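The values are calculated or read from the model by the stated rules, or taken from the named source; none is laboratory data. Given the structure is predicted, the values throughout are model-derived calculations rather than measurements. Here the Cβ is made from the backbone with ideal geometry for all residues, glycine too, and neighbour counts use every protein chain on show. The accessibility values were calculated without ligands, DNA or RNA, using every heavy atom of the protein model including side chains. Shrake-Rupley method; radii C 1.70, N 1.55, O 1.52, S 1.80 Å.
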Amino acid sequence: MEIVLSGIRSTGNLHLGNYFGAMQNFVKMQEENKCFFFIADYHSLTTHPTPENLLESTKQVLVEYLAVGIDPEKCTLYRQSDIPEITELYLLLNMNVYLGELERCTTFKDKARQQPNNINAGLLTYPVLMAADILIHRALKVPVGKDQEQHLEMTRNFATRFNRLYKVDYFPEPTAYNFGKDLIKIPGLDGSGKMGKSEGNAINLADEPEVIRKKVMKAVTDSGPTSPNQEMADSIKNLFTILKVVSTPETVNYFNEKYNDCSIRYGDFKKQLAEDIISVTTPIREKIIELKSNNEYLRKVISMGAEKARESASKTIKEVREIIGFKSF
Ligand code: TYM
């Protein structure tokens, strides 16, 4: 039984990338491991949400966690901002993290490009807060998509550096929880990079079937193959990547062959893709609707989660303070 930890930022509805990158095995994971699943609401502050938006998106992520089948009795499901020990560990780790390595972090460089008027210190130290999230429970396995690989590597560096500095073997070196051979990257529908919450290229778990059909039909394609076995454009490869996670291997082979002999009709391809996405999202969407109005249950879940998470977090912080030298006179 291993300690598994997963975090999701509360910045909007969850999409297929979140689901297939990190959440698809949550139900099985919670049976086999000691699982901590949390809503990273502090992390969402880097983009300055309004107080109403902050609460709304935190609630949305909570509902979506539950809707994919998490059982709060079997795991610890909590909100980051309910656990003050995380911020304390964040402060302590920060003393042993260097400006150069934070500035070199790819996600920092990307964000700085995306929001040039708001390159705040929280953005710079984002990987340290993430390391604190993981190390506060001394987690060993972290289910994440490909985009979080570098953050995990930084967490390992911070953990081993702490151990070396204080000559202890305290923090483990957490690694990604792999679903297959490689970490997953679900592309967006716009023919470019990954599916993301703020890129406008996502299919959300809560989207109505009609919305999904419209989004898929509008996805970027090319003018079609003109010679057998022609190399696929990125936009077409992307749609096949999504098809592979939602459809059967037979369906994928069928459209692959059609592409290779130049008889593919993108309209049919997209229709099939949309229907197979809808099959995956429908049970989740129905659960989301059912849970969303059940405030009393959500309140119970969040307060139970806070209590369980703090129990584990306060044990770690007590030990860390001892190691660093905060001892009583
Ligand atoms: P966030 O909220 O951006 O994404 C949550 C999870 O979904 C994965 N993901 C994807 N996987 C594959 N393809 C995609 N297109 C895609 N988009 C998102 C992410 O890799 C992630 O696993 N920094 C984290 C939140 C966090 C965290 C943590 C995660 C804070 N502390 C501690 C793990 C451990 C984030 O922004 O995730």
Scan the stretch 26-60 for residues that are open to solvent by less than 50 Å² (accessible area, probe 1.4 Å) and outside any helix (DSSP H, G or I) and report the count. 9
Matching residues, the stretch 246-271, being open to solvent by 50 Å² or more (accessible area, probe 1.4 Å) and in a helix (DSSP H, G or I): PRO249, GLU250, ASN253, TYR254, GLU257, LYS258, ASN260, ASP268, LYS271
It is to be established whether one or more residues within the stretch 272-294 are open to solvent by less than 30 Å² (accessible area, probe 1.4 Å), farther than 22 Å from LEU205 by Cβ and modelled with pLDDT of 95 or more. no
ASP133: under 22 Å from the mean Cα position of the chain (by Cα), of a type in the set (Asp, Glu) and surrounded by fewer than 15 Cβ atoms within 10 Å (Cβ to Cβ), yes or no? no
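For every residue, the table says whether it meets (1) modelled with pLDDT of 95 or more; (2) more than 17 Å from VAL142 (Cβ to Cβ).
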residue: GLN80; (1), (2): yes, no
residue: PRO84; (1), (2): yes, yes
residue: LEU91; (1), (2): yes, yes
residue: VAL97; (1), (2): yes, yes
residue: GLY100; (1), (2): yes, yes
residue: ASP110; (1), (2): no, yes
Scanning the stretch 71-86 residue by residue, the ones that are within 14 Å of the ligand (Cβ to nearest atom) and either without any contact (Cβ under 8 Å) to a residue 60 or more places away in the chain or among the β-branched types (Val, Ile, Thr) (or both) total 4
Residue under question is VAL168, and the condition is that it be of a type in the set (Val, Ile, Thr), over 18 Å from LEU92 (Cβ atoms) and open to solvent by 10 Å² or more (accessible area, probe 1.4 Å); does it hold? no
Only one of these is touching a residue at least 60 places away in the same chain (Cβ under 8 Å) and within 16 Å of the ligand (Cβ to nearest atom): ALA202, ALA159. Name it. ALA202
Name every residue in the stretch 174-184 that is within 14 Å of the ligand (Cβ to nearest atom) and surrounded by fewer than 17 Cβ atoms within 10 Å (Cβ to Cβ), in order of residue number. THR175, ASN178, PHE179, GLY180, ASP182
State whether the residues of the stretch 27-37 include one that is without any contact (Cβ under 8 Å) to a residue 40 or more places away in the chain and within 12 Å of the ligand (Cβ to nearest atom). no
Return the total of residues in the stretch 6-25 being more than 7 Å from the ligand (Cβ to nearest atom) and part of a helix (DSSP H, G or I). 3
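This table checks each residue for (1) over 12 Å from ILE278 (Cβ atoms); (2) at pLDDT below 95; (3) part of a loop (DSSP other than H, G, I, E, B).
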{"site": "LYS197", "(1), (2), (3)": "yes, yes, yes"}
{"site": "ALA202", "(1), (2), (3)": "yes, no, yes"}
{"site": "ALA206", "(1), (2), (3)": "yes, no, yes"}
{"site": "LYS215", "(1), (2), (3)": "no, no, no"}
{"site": "THR226", "(1), (2), (3)": "yes, yes, yes"}
{"site": "ASN229", "(1), (2), (3)": "yes, yes, yes"}
{"site": "ILE236", "(1), (2), (3)": "yes, no, no"}
{"site": "LEU239", "(1), (2), (3)": "yes, no, no"}
